[in-house]
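For reference, the structure is listed below as C-alpha coordinates.
The values are calculated or read from the model by the stated rules, or taken from the named source; none is laboratory data. Predicted model only: the values in this text are computed from it and were never measured. Every residue, glycine among them, receives a Cβ derived from its backbone with ideal geometry; neighbour counts consider all protein chains shown.
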Amino acid sequence: GERLTTHPLSPKGYFILLYPNLFVSTEKIFKTFDHHLPSLQASVPSEALIGPNNLKPVTFSCYPQLQTLEDTLLALGIDHVYMTGTGSTLFMPFETLKEADYFNNELKKKFPDYFIHLASPVSTGTRITEISPKRTVPADK
(Lines give C-alpha, C1' and ligand atoms only; values in the text may rest on other atoms or scores of the structure.)
Protein backbone atom coordinates (compact mmCIF):
# COMPACT_ATOMS: atom_id res chain seq x y z
CA GLY A 1 0.00 0.00 0.00
CA GLU A 2 0.72 3.65 -0.10
CA ARG A 3 2.52 5.40 2.72
CA LEU A 4 0.65 8.50 3.79
CA THR A 5 1.55 10.96 6.47
CA THR A 6 -0.63 13.58 8.08
CA HIS A 7 0.27 17.22 7.80
CA PRO A 8 -1.34 19.40 10.44
CA LEU A 9 -2.88 22.60 9.18
CA SER A 10 -3.96 25.40 11.43
CA PRO A 11 -7.48 26.65 10.66
CA LYS A 12 -6.41 30.14 9.64
CA GLY A 13 -5.84 31.94 6.40
CA TYR A 14 -7.64 31.66 3.07
CA PHE A 15 -7.38 29.65 -0.12
CA ILE A 16 -8.25 30.33 -3.73
CA LEU A 17 -9.30 27.21 -5.61
CA LEU A 18 -8.87 27.37 -9.39
CA TYR A 19 -10.26 24.71 -11.73
CA PRO A 20 -9.11 25.50 -15.30
CA ASN A 21 -11.85 23.41 -16.98
CA LEU A 22 -9.26 20.81 -17.92
CA PHE A 23 -9.98 17.10 -17.57
CA VAL A 24 -7.03 15.13 -16.21
CA SER A 25 -7.00 11.36 -16.54
CA THR A 26 -6.17 9.88 -13.14
CA GLU A 27 -5.39 6.56 -14.85
CA LYS A 28 -2.87 8.26 -17.16
CA ILE A 29 -1.22 10.08 -14.26
CA PHE A 30 -0.76 6.93 -12.16
CA LYS A 31 0.48 4.86 -15.12
CA THR A 32 3.04 7.56 -15.88
CA PHE A 33 3.93 7.87 -12.20
CA ASP A 34 4.45 4.11 -11.82
CA HIS A 35 6.59 3.98 -14.97
CA HIS A 36 8.85 6.85 -13.91
CA LEU A 37 8.75 6.35 -10.13
CA PRO A 38 12.52 6.01 -9.46
CA SER A 39 13.45 9.22 -11.29
CA LEU A 40 10.46 11.16 -9.98
CA GLN A 41 11.17 10.46 -6.32
CA ALA A 42 14.43 12.37 -6.52
CA SER A 43 12.96 15.31 -8.45
CA VAL A 44 9.88 16.29 -6.41
CA PRO A 45 10.47 19.77 -5.02
CA SER A 46 9.82 20.53 -1.37
CA GLU A 47 6.79 22.76 -0.97
CA ALA A 48 7.34 24.31 2.43
CA LEU A 49 3.88 25.48 3.51
CA ILE A 50 1.76 22.45 2.75
CA GLY A 51 4.17 19.77 1.56
CA PRO A 52 4.97 18.20 -1.79
CA ASN A 53 2.51 16.55 -4.15
CA ASN A 54 4.49 13.74 -5.79
CA LEU A 55 1.99 13.65 -8.66
CA LYS A 56 2.42 17.32 -9.61
CA PRO A 57 5.53 16.83 -11.83
CA VAL A 58 3.80 13.90 -13.57
CA THR A 59 0.58 15.81 -14.17
CA PHE A 60 2.50 18.85 -15.41
CA SER A 61 4.51 16.67 -17.82
CA CYS A 62 1.32 15.08 -19.19
CA TYR A 63 -0.60 18.39 -19.27
CA PRO A 64 1.97 21.16 -19.86
CA GLN A 65 -0.75 23.82 -19.91
CA LEU A 66 -0.93 23.36 -16.12
CA GLN A 67 2.76 24.26 -15.83
CA THR A 68 2.07 27.33 -17.96
CA LEU A 69 -0.86 28.23 -15.71
CA GLU A 70 1.27 27.86 -12.57
CA ASP A 71 3.99 30.04 -14.13
CA THR A 72 1.36 32.69 -14.91
CA LEU A 73 0.01 32.61 -11.35
CA LEU A 74 3.50 32.99 -9.89
CA ALA A 75 4.26 35.85 -12.31
CA LEU A 76 1.12 37.63 -11.05
CA GLY A 77 2.71 37.69 -7.58
CA ILE A 78 1.09 34.67 -5.97
CA ASP A 79 3.70 33.14 -3.65
CA HIS A 80 2.65 29.47 -3.61
CA VAL A 81 0.65 27.31 -6.02
CA TYR A 82 -0.35 23.76 -5.12
CA MET A 83 -2.27 21.06 -6.98
CA THR A 84 -4.99 18.84 -5.59
CA GLY A 85 -4.37 15.10 -6.03
CA THR A 86 -3.81 14.31 -9.70
CA GLY A 87 -5.17 17.73 -10.72
CA SER A 88 -6.26 19.75 -12.44
CA THR A 89 -7.48 22.00 -9.63
CA LEU A 90 -4.80 24.34 -8.30
CA PHE A 91 -5.00 26.10 -4.97
CA MET A 92 -3.18 29.02 -3.43
CA PRO A 93 -2.93 29.87 0.29
CA PHE A 94 -3.08 33.45 1.60
CA GLU A 95 -2.61 34.77 5.12
CA THR A 96 -5.05 37.67 4.88
CA LEU A 97 -8.52 38.10 3.47
CA LYS A 98 -7.42 41.35 1.83
CA GLU A 99 -4.70 39.60 -0.19
CA ALA A 100 -6.91 36.61 -1.03
CA ASP A 101 -9.76 38.85 -2.11
CA TYR A 102 -7.44 40.93 -4.31
CA PHE A 103 -6.09 37.87 -6.15
CA ASN A 104 -9.54 36.28 -6.33
CA ASN A 105 -10.83 39.34 -8.20
CA GLU A 106 -7.75 39.55 -10.43
CA LEU A 107 -7.94 35.87 -11.36
CA LYS A 108 -11.63 36.12 -12.21
CA LYS A 109 -10.82 38.97 -14.59
CA LYS A 110 -7.87 37.15 -16.16
CA PHE A 111 -9.59 33.75 -16.39
CA PRO A 112 -13.34 34.42 -16.76
CA ASP A 113 -14.08 30.86 -17.94
CA TYR A 114 -12.34 29.13 -15.03
CA PHE A 115 -14.04 27.97 -11.84
CA ILE A 116 -12.48 30.16 -9.13
CA HIS A 117 -13.49 30.15 -5.45
CA LEU A 118 -12.30 31.88 -2.34
CA ALA A 119 -12.44 29.55 0.66
CA SER A 120 -11.43 29.55 4.30
CA PRO A 121 -10.48 26.47 6.31
CA VAL A 122 -12.49 25.21 9.25
CA SER A 123 -11.37 22.69 11.84
CA THR A 124 -13.02 19.78 9.98
CA GLY A 125 -12.24 20.71 6.39
CA THR A 126 -12.73 23.70 4.11
CA ARG A 127 -15.77 25.90 3.88
CA ILE A 128 -16.49 27.54 0.52
CA THR A 129 -17.13 31.22 1.13
CA GLU A 130 -18.24 32.04 -2.39
CA ILE A 131 -20.07 30.12 -5.11
CA SER A 132 -19.74 31.14 -8.73
CA PRO A 133 -22.97 31.16 -10.74
CA LYS A 134 -21.09 29.64 -13.70
CA ARG A 135 -20.83 26.17 -12.18
CA THR A 136 -22.88 24.18 -9.74
CA VAL A 137 -21.42 21.86 -7.16
CA PRO A 138 -22.83 18.33 -7.71
CA ALA A 139 -24.66 16.70 -4.83
CA ASP A 140 -23.03 13.70 -3.20
CA LYS A 141 -24.34 10.40 -4.54
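At least 2 residues that are basic (Lys, Arg) and farther than 15 Å from TYR14 by Cβ in each: list the helices (runs of 4 or more DSSP H) lying fully within the stretch 47-111 that qualify.
Working: elements: 56-62, 64-75, 97-110.
In the stretch 47-111, the matching helices (runs of 4 or more DSSP H) lie at 97-110.
Is one or more of the residues making up the stretch 49-58 at pLDDT 90 or above and touching a helix residue (DSSP H, G or I) at 6+ places or on another chain (Cβ under 6 Å)? No: zero hits.
The set of residues in the stretch 85-117 being exposed (fewer than 14 other Cβ atoms within 10 Å of the Cβ) and either under 25 Å from THR32 (Cα atoms) or within 13 Å of the chain's Cα centre (by Cα) (or both) consists of GLY85 alone.
Of the residues LEU66, LEU40, LEU4, only one is over 22 Å from GLU99 (Cβ atoms), crowded, with 17+ Cβ neighbours inside 10 Å and modelled with pLDDT under 60; which?
Checking each option against the conditions leaves just LEU40.
In the set (1) of a type outside the set (S, T, N, Q); (2) within 12 Å of ILE16 (Cβ to Cβ); (3) assigned to a strand (DSSP E or B), the condition left unmet by PRO121 is number (2).
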